[in-house]
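Student: My questions all concern the structure below.
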Amino acid sequence: MSMNNKFTSRRLIMKNIVLSTLVATSLFVGGVYADASSTKTVKEINTIAVEKGQKQAVDSQKKLIDEAITSLKFTQKALVNLDAGETEKAKANIEKALGKLEVILSAKEAPRLLPVESAVAVHEYLGTKADVEAALKEVNTLLKQHRVQAARVLLNTLQSEIDITVVSLPLESYPRALKLAAQYLHDNQSAKARSILGIALSTFDTAIEVVPLPLLKATDLIAVASELSKQGEKQKALDYVQSAEDELKVAEILGYVSHSDNSYEMLYDAVKSVKKEIKGKNKAEKLFDALKEKLSDFKKNIFSDTK
């Protein structure tokens, strides 16, 4: 279903429906990374984190409302009827379109939006913090040269995220539009009815939930490091913690910011404490747990600072 979306919002938020899957099944315990003897490389762990995140994003997609989709089809038919001068058929299809929403509209707590289309897209940035900094420097140079389009192309590569896009039918305005179109037809004002139906079929709410990939990667790398630390593989654990810190730095410079009380600086401090504990004689398990908790809270409160 292809739609012209009138209202679009980019919400950089870890919604509960997404977060409950992505975090609850994170590899903090057991699973693929529990056995240090089968330790994977950083690249392999990152690949698994992306694939796992994509699968879980697909699994967590909102259920599409069949009644809303069918209602849209009847509305589209009504518009075709009017273009063909078939007023009575148009009236009948508008009635059918409204009829498909009767049960939803009569519900005590009817939803504000009815999902009619959903998609998941993955945009992975494979560079380092230094690569991002170099790219941003180039963007600034291009803008100073007024090469805006070239700058935009480069800037568009600076994202590393899973986008979950949901297109929804606004339940408040759509039924009203159908009723108004029906009234116009009753008053023999087909042109106005056609106009109203056209607006109804081009007014949707599009929400994009964004899951930052560097944070997913950091989460899984910390999980691996925790398991390795428990088994006495200190150097390997340190290597994975360092890779997790690198991912956090990429997330920060790419602009994934959070409402969390835990800032990037606090995450870096927690990473520093974990590193120090791993190098010492004491077990770092409690500090790993504290770092995981801070990272989890940070991800829950991710938001966009641009839109």
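Student: For residues in the range 139-172 being surrounded by fewer than 15 Cβ atoms within 10 Å (Cβ to Cβ) and of a type in the set (Ser, Thr, Tyr), which is farthest from Ile69 (Cα to Cα)?
Tutor: Thr141
Student: Against the conditions (1) in a helix (DSSP H, G or I); (2) touching a Pro at 6+ places or on another chain (Cβ under 9 Å), where does Gln235 fall short? Just the number, please.
Tutor: Exception for Gln235: condition (2).
Student: Assess whether Ala207 counts as being surrounded by fewer than 23 Cβ atoms within 10 Å (Cβ to Cβ), touching a residue at least 60 places away in the same chain (Cβ under 8 Å), outside any helix (DSSP H, G or I) and out of contact with any Phe, Trp or Tyr (no Cβ under 8 Å at 6 or more places or on another chain).
Tutor: So Ala207 passes the test.
Student: Of everything in the range 98-107, what is surrounded by 13 or more Cβ atoms within 10 Å (Cβ to Cβ) and under 18 Å from Pro170 (Cβ atoms)? Give them in sequence order.
Tutor: Passing the criteria: Leu98, Lys100, Leu101, Ile104.
Student: Count, please, the residues in the range 298-307 that happen to be assigned to a helix (DSSP H, G or I) and modelled with pLDDT under 85.
Tutor: Number satisfying all stated conditions: 2.
Student: Looking at Ser60, Ser71, Ser38, which is the one that is at pLDDT 50 or above and touching a Gly at 6+ places or on another chain (Cβ under 9 Å)?
Tutor: After applying the criteria, what remains is Ser71.
Student: Restrict the check to the range 79-87 and report whether at least one residue is at positive phi, modelled with pLDDT under 80, surrounded by fewer than 16 Cβ atoms within 10 Å (Cβ to Cβ) and over 25 Å from the mean Cα position of the chain (by Cα).
Tutor: no
Student: When you go through Glu117, Glu95 one by one, which is the residue that is exposed (fewer than 15 other Cβ atoms within 10 Å of the Cβ) and acidic (Asp, Glu)?
Tutor: Glu95
The values are calculated or read from the model by the stated rules, or taken from the named source; none is laboratory data. Being a predicted model, the structure only gives us computed values, none of them experimental. No Cβ is skipped: glycine too gets one built from the backbone with ideal geometry, and neighbour counts run over all protein chains shown.
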